[in-house]
Amino acid sequence: MSREKVPPELTEAGGVEFHHVPVLLEEALSELCLVPGMRVLDCTLGGGGHSLAMLERGARVTGLDVDEMALEAASARLGGFAGFRAFRVNFGSIGEDDWMARIGPQEGALLDLGVSSPQLDRGERGFSIRRDGPLDMRMDRRLEVSAADVVGEYSESDLRRIFFEYGEERQAGKLARRLVQERDRRAISTTGQLVEVAESVLGRPRPGKVHPATKIFQALRMEVNAELERLQSGLEAVFELLVSGGRLLVMSYHSLEDRCVKQFITERLGRCRCPRGTPICVCEAKPLLKARGKAIVAGEAEVKANPRARSVRLRVAQKL
Ligand SMILES: C[S@@+](CC[C@H](N)C(=O)[O-])C[C@H]1O[C@@H](n2cnc3c(N)ncnc32)[C@H](O)[C@@H]1O
């Protein structure tokens, strides 16, 4: 891509090291039914692993990401493909401003949700339980509220709600109370300090088991990045961009996301919504899509090679 063609939202390639192994790559390519020239919207560009494979098969890819580090790395990797362009925008906001017109109709769309390996692995991003760093967790560093702000300023009842709803943490109340007590004594501004407080309530990690603070980190990340709200509005906008016959692929990594995707699909299958016992259907529900019945999960070999694939669920729908 020549310098002039680089959209303003795309950070220049700067030799950023970014290593993320794309999950369910072959399955995603096959479900997209790629043909040369096909327009695909990669809503979660990350390191560009899925996009690279699509471009290599002749697709034209528009990549979106909110993380400048991901965009920089992906542009360095994919900038040589004439059919590639990228924008720094939240997929949950593309229904706003003139994004729909700028992106244009698409034959396929992929959402590979959550964070990338580099976001998780770099302590300074604040997503990692195992690497100490500032309690940040913003995928988009233009956001004003970080995880430290949430922990430092939210009321006890709001913290409890977030831990319970987004983390499905049974000890949400106890943890919220302890955090509020602790923050009155000292600011909780690093991931290490949060882990310490979480462990004092939830217990120490046991070898081979998921760290007890995992759900709390997930809950804070979802709150900071408004992940469920963005997913809902993003699905609606992306679906609108798809042409008839276009395919929507969503990879989720936890049950709350997957539930949201499943509900989005189910509501558009055109199932009758009349109350039970209504003799003739009056709701006039029309199918807007057809869907692959079951979610696709990763096989044993992929999980062994890439533990991130352990929890993935890929749902596929085709617009009618
Ligand atoms: C799991 S990674 C994608 C990896 C990518 N498929 C690959 O193969 O390299 C998810 C990426 O989506 C981005 N992301 C998450 N939520 C987003 C949103 N609402 N809008 C735009 N980008 C988002 C994250 O910043 C991250 O870079």
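The values are calculated or read from the model by the stated rules, or taken from the named source; none is laboratory data. It should be emphasised that the depicted structure is a prediction, and the values quoted were computed from it without experimental measurement. Here the Cβ positions follow ideal geometry from the backbone for every residue, glycine too, while neighbour counts run over all protein chains shown. With ligands, DNA and RNA removed, areas are computed over all heavy atoms of the protein, side chains included. Shrake-Rupley method; radii C 1.70, N 1.55, O 1.52, S 1.80 Å.
General remarks:
- Note on the range 212-231: residues that are more than 11 Å from the ligand (Cβ to nearest atom), in contact with a helix residue (DSSP H, G or I) (Cβ under 8 Å, 6 or more places away or on another chain) and not hydrophobic (A, V, I, L, M, F, W, C) amount to 3.
- Applying the set (1) open to solvent by less than 60 Å² (accessible area, probe 1.4 Å); (2) away from the ligand (no atom under 16 Å from the Cβ); (3) not in a loop (DSSP other than H, G, I, E, B) to residue 174 leaves exactly one unmet item: (1).
- Checking each residue in the range 243-298 for being among the small types (Gly, Ala, Ser) and open to solvent by 40 Å² or more (accessible area, probe 1.4 Å) picks out 244, 255, 277, 291, 293.
- Among (1) closer than 30 Å to residue 249 by Cα; (2) open to solvent by less than 30 Å² (accessible area, probe 1.4 Å); (3) not assigned by TED's automatic domain parsing to the domain that holds residue 70 - the single one residue 191 does not satisfy: (1)
- Residue list for the range 103-119, restricted to those being of a type outside the set (S, T, N, Q), in contact with a Gly (Cβ under 9 Å, 6 or more places away or on another chain) and within 12 Å of the ligand (Cβ to nearest atom): 111, 112, 115, 118
- Tally of residues being over 14 Å from the mean Cα position of the chain (by Cα) and within 29 Å of residue 242 (Cα to Cα) across the range 89-133: 15
- For the residues 149, 136, the requirement of being within 15 Å of the ligand (Cβ to nearest atom) and modelled with pLDDT of 95 or more singles out 136.
- Test: residue in the range 197-220 that is over 25 Å from residue 67 (Cα atoms), among the acidic types (Asp, Glu) and not assigned by TED's automatic domain parsing to the domain that holds residue 313: yes
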